[in-house]
Amino acid sequence: MRYHINFGQNSSSFKLAVIRALTGILLMTALASCASQGAQEAELAAQEAARVAIEQEAASLAQEQERLRAAEISRQQQEQAAEQARLQAQRDRQAAEIQARADAERRQQEELQRQVRAREAAIAAVEAERQQKLDRITALEQQITSISASVGDSENNTEFLQQAISVAEELLDVLASEQEKYEDTDSQGNTLRPLAKDLIAELEARKDELIRRAGTQ
């Protein structure tokens, strides 16, 4: 029995198998290369997305920091303005208090001066009234002397003149008593005991009436 091997046919099959194997390898290599390139592109895209996200986050943080900085500046400015307003209000209040004290002291001084002037005027008025009564006493004494001299000249008016002398002497006693009251006065110069002004006026009127009636006799 003979075995015949056809190397030509087997060689073609082998070549075809080799070609197919190489083609598969190349295809797999290409596929692997494509897969690797896709992964790289995906990684690059992810990195780019991460970079963009980081930049956006950084920008957001920068904006937030700027907002916080502006808010802090505004807060400090408001605090400074409030402090300045408080200090100004305090200065205004102190100035108003100083002015109020000055006005009160001025009014007090004016009131004291007014009281002094009023007291001096009252004392002067009382002294003038006292001097007036002293003058009236002197005039009354002279009038009594004159009336006494007239009594002996005419008997017709003797009764009226004697009554006039009696009233004049009573008036003289009252005026002398009034002078003693001026020794006891208050800080305003007013007498502590009331003056007998009505009695003096009444005695003056009676005296003058008696003298008038004596003159008509």
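Structure values in brief
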item: Qualifying residues in region 124-136 (those that are at pLDDT below 75 and among the hydrophobic types (A, V, I, L, M, F, W, C)) - the one surrounded by the fewest Cβ atoms within 10 Å (Cβ to Cβ); result: LEU134
item: Sole residue being surrounded by fewer than 12 Cβ atoms within 10 Å (Cβ to Cβ), more than 15 Å from LEU199 (Cα to Cα) and at pLDDT 75 or above, chosen from ALA149, ALA139; result: ALA139
item: Hey, ALA164 more than 55 Å from the chain's Cα centre (by Cα) and either at pLDDT 80 or above or assigned to a helix (DSSP H, G or I) (or both) or not; result: yes
item: Residue check, ILE54 surrounded by 10 or more Cβ atoms within 10 Å (Cβ to Cβ), within 30 Å of GLU183 (Cβ to Cβ) and not polar (S, T, N, Q); result: no
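The values are calculated or read from the model by the stated rules, or taken from the named source; none is laboratory data. Note that the structure is predicted; figures quoted are calculated from it, not measured. For neighbour counting, all protein chains shown are included, and Cβ atoms are generated from backbone atoms with ideal geometry for every residue, glycine included.
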